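This report concerns only the one structure given below.
The values are calculated or read from the model by the stated rules, or taken from the named source; none is laboratory data. All values derive from a computational prediction rather than experimental measurement. Every residue, glycine as well, gets a Cβ built from its backbone with ideal geometry; the counts of neighbours run over all protein chains shown. Calculation scope for accessible area: heavy atoms of the full protein, side chains included, ligands and nucleic acids excluded. Shrake-Rupley method; radii C 1.70, N 1.55, O 1.52, S 1.80 Å.
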Amino acid sequence: MASIALRFPPSELPESALRLRDEVRVFVKEEIEAGTFQPAVDSWLSGISPEFSRKLGERGWLGMSWSKKYGGHERSLLDRFVVSKELLAAGAPVGVHWAGDRQTGPMLETHGTEHQKQKYLPAMARGECFFALGLSEPDAGSDLANVRTRATQTEGGWLLNGSKIWSSGAHHAHAMVVLCRTSPKDDGNRHAGISQLMIETDQEGVTIRPINLITGVHHFNEVVFEDAFVPDNMVVGEVGGGWAQVVSELAFERSGPERFLSTFPLFLEFLRVAKGTRDARIQEVVGNLTARYTALYNMSMRVMGMLAKGERVDTEAALVKDVGTRYESELTEALRLLVHERGSFAEPTRFESQLMKALLHSPGFTLRGGTNEILRGMIARGLGLR
Ligand SMILES: Cc1cc2nc3c(=O)[nH]c(=O)nc-3n(C[C@H](O)[C@H](O)[C@H](O)COP(=O)(O)OP(=O)(O)OC[C@H]3O[C@@H](n4cnc5c(N)ncnc54)[C@H](O)[C@@H]3O)c2cc1C
């Protein structure tokens, strides 16, 4: 019988992290009062404000865990967790820097060349340089090893051809890291011959085409590469070693607070609207959602604590994403049902407009970052069941 391999060892926030949390709360409150932003659901996807990102950079809240040598602040991953959690809970516009700060920066710090680190990391930590993720393709989403975008060697570098899809925020990004084939598929090892190439979005041979969300918002893109030249000094890590590099980013991508807080601003808005109610049905729903939130918060924080110690957390991170992203949708649905049962408000309210947005964004919660079906397969493997 396989042993149960899941671990969520207790991880306490140190005093310094609690002080940081209070500092972020004050900042966020002041920004809302100053009218810088209105709390919004799914703000790490659709909240776009380069000015706000720059403000975070000035405060040292981007690139928090990166080396000072590259513009970072050498703070712990738990400190970063605290800042992320407060910004997401407040529905702050963090979308433009999110992917770069969360995973491209750490990946570059580990695998990038000195030139790449010096060129990009300090600007990212200042909130002046943004990255998009170039992973998915029309026939390579869950099956990422099937990427067909190809780079062929030429004098001084590589010629990139192919296309990426669902590239969040590529139209705001200065650069993207593209997962591509640099040598033909080897049937013995599908993960060999894949590399990560960095490319600037405004260069010749790169076309970014919008794909609008159901709300009409331009968030996604198709990015087409036609003989786009990538110099040798823009290859990230080893040629042919891209698979291992990309996999190492995924625990950061999957376990963070954005996997359970996308709709939290809606919950806070509901609590504001329903304050003081004696309605037992509302109390039951609120109690249920609060209990589940508390469990998820602790799971995510504990995974971050393990990541901070350099431990492998693939299975636990997949579990947080599966449970957390379902919570995001189920929170929305529970509040929708309450509105349905109790009748709509007389005037369209902030709560209702956020509810509509959350409902329309819901289908993406369990897809982005690797679908939950795929993650459950990973969890089963982690438990020794596959
Ligand atoms: C909001 C959002 C933002 C995104 N941002 C980015 C981005 O910035 N960059 C980027 O590269 N990509 C991005 N993506 C793409 C995302 O990573 C893919 O949608 C995801 O990996 C799934 O791939 P797919 O869409 O091709 O679906 P498919 O892989 O075609 O899957 C379709 C369905 O089949 C199921 N399925 C597939 N294979 C299996 C299997 N073996 N067993 C069981 N079920 C299976 C899946 O679970 C899913 O339900 C984003 C997606 C969303 C929704």
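List of remarks:
- Hz values of 3J(HN,Hα) by residue in segment 196-205 - Karplus curve (6.51, -1.76, 1.60), Gly and Pro given as x: 10, 10, 9, 9, 8, 6, 9, 8, 4, x
- Listed residues GLY205, GLY57, GLY276, most fluctuating in the chain (Gaussian network, C-alpha, under 10 Å): GLY276
- Each of ALA244 and ASP232 was given a label point 7 Å from its Cα along the Cα-to-Cβ line. The distance between the two points is 2.2 nm.
- Choice from ARG102, ARG272, ARG292 with maximal GNM fluctuation in the chain (Cα, 10 Å cutoff): ARG272
- Dipole size of the chain about its Cα centre, with +1 on Lys/Arg Cβ and -1 on Asp/Glu Cβ: approximately 960 debye, rounded to the nearest 20.
- Estimated FRET transfer efficiency (ILE211, ARG148; beta-carbon r; R0 22 Å; 0.05): 0.75
- Residue-normalised accessible area of the chain, given per residue in Å² at a 1.4 Å probe: 44 Å²
- Computed from Cα atoms, the angle from the helix 372-382 axis to the main principal axis of the chain rounds to 80 degrees.
- Simple rule: put +1 on each Lys or Arg Cβ and -1 on each Asp or Glu Cβ in segment 133-241, find the dipole, and look at LEU213, ALA151, VAL223; the Cα lying farthest toward the positive end is LEU213.
- Inter-probe distance in nm under a simple model that places probes 7 Å from Cα toward Cβ, at LYS69 and ARG25: 3.8 nm
- The string of couplings for segment 104-119 from the Karplus curve (6.51, -1.76, 1.60, θ = phi - 60°) is 5, x, x, 5, 5, 4, 7, 10, x, 7, 4, 4, 5, 5, 5, 6 Hz, one whole number per residue in order, with x for Gly and Pro.
- Using the Cβ-Cβ distance between LEU337 and THR294 with R0 = 25 Å, the FRET efficiency computed as 1/(1 + (r/R0)^6) comes to roughly 0.70.
- Portion, in percent, of the accessible area of the chain that falls on carbon or sulfur, probe 1.4 Å: 53 percent
- Distance between the C-alpha centres of segment 310-370 and segment 178-195: 36 Å, rounded to the whole angstrom.
- Residue-span extension gain [ARG7 to GLU204] - 0.36 nm each, minus C-alpha spacing: 66.1 nm
- Chain lengthening between ARG54 and LEU271 when straightened (0.36 nm per residue, less Cα-Cα): 75.0 nm
- FRET efficiency, 1/(1 + (r/R0)^6) with R0 56 Å, evaluated for ILE32 and ILE374 via beta carbons: 0.90
- Each of the peptides 317-325, 140-148 was scored by the mean count of other Cβ atoms within 10 Å over its residues; in descending order, highest first, they stand as 317-325, 140-148.
- Taking amide H as placed 1.01 Å from N in the peptide plane, the amide H of VAL178 sits under 5 Å from that of LEU197, MET198, ILE199, each at least 5 places away or on another chain.
- Rounded to whole Hz, the Karplus (6.51, -1.76, 1.60) HN-Hα couplings of segment 178-195, x for glycine and proline: 9, 8, 8, 7, 10, 8, x, 4, 10, 4, x, 8, 5, 8, 7, x, 10, 9
- Under a Gaussian network description of the chain, with springs only between Cα atoms under 10 Å, the residue in HIS174, HIS115, HIS218 that fluctuates furthest is HIS115.
- Under the criterion of Cα pairs below 8 Å and six or more residues apart, the relative contact order for the chain equals 18 percent.
- Reciprocal of mean inverse Cα separation for segment 79-219 (Kirkwood radius, Å): 16.5 Å
- Taking label points 7 Å from Cα along the Cα-to-Cβ direction, LEU385 and ASP186 give a separation of 3.4 nm.
- Candidates per GluC sites (Glu not before Pro) in segment 168-230, loop by DSSP, up to 10 other Cβ within 10 Å: GLU204
- For the chain, dividing the convex hull volume of the Cα atoms by the residue count gives 150 Å³ per residue.
- Rg then Dmax, both in Å and based on the Cα atoms of segment 15-129: 13.7, 43.
- Distance from segment 107-150 to segment 28-90 (C-alpha centre basis), Å: 20 Å
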